[in-house]
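Asker: Shown below is the structure under consideration.
Derivation of every value follows stated rules applied to the coordinates shown; laboratory data play no part. All values reported here derive from a predicted model rather than from experimental measurement. Note that each Cβ is placed from the backbone with ideal geometry, even for glycine, and that neighbours are counted across all protein chains shown.
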Amino acid sequence: MNYLCAAIDRHFNPEEHHGKGAVFSLESHQHGWDAFSQVREGDTVYLIAPNRIVKQGYRVTRVRRGEHQVVVYSDRVIEYPGIPYQTFIKRHGLRDRRISSIGNMLRGFNAVAFEPVPGTKKAPRSGALTEQAGDQ
């Protein structure tokens, strides 16, 4: 499974709070809990940076679960999309009650789960997604 997560708080560093390799955490009262509480090793977590760009996709290498919190850790960046989150949302067809009809995060957006879009693959160098030949 893939997850798009809002890591837009400039004043919160997951590693400072949860230890080396922590990339994102979510608490049970936050939006996206039902989906994100199912995260497991091998999944991919894409982070929306404070500048609203989806900069990196991490392969989850460890998950720490508490009664009211999930923390994911990674030591591997597997993709550098480098695109605005709205483009990422549209490209992957993400739908959620905290995403507007034009792909903007609404107040309270934290995380959404999604499956890869059929017919897309990583471009060789940019990490951007491109349509495969014949999928038009």
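Asker: Of the labelled options (1) 1.02; (2) 1.37; (3) 0.97, which one gives Cα Rg over 2.2 N^0.38 Å as computed for this structure?
Answerer: Only one option fits the structure, namely (1).
Asker: While we're looking at this one, here's another question. Just to be sure I understand the model, the point goes 7 Å from the Cα along the line to the Cβ. What's the resulting Arg62 to Phe12 distance in nm?
Answerer: Distance between the two pseudo-spin positions: 2.1 nm.
Asker: Moving to a separate point now. In percent, how large is the relative contact order of the chain, given Cα pairs closer than 8 Å and 6 or more residues apart?
Answerer: Relative contact order, the chain: 27 percent.
Asker: Along the charge dipole of the chain, pointing to its positive end and built from +1/-1 on Cβ of Lys, Arg, Asp and Glu, which listed residue (Val45, Tyr73, Gly19) has its Cα farthest out?
Answerer: Toward the positive end, the furthest listed residue is Val45.
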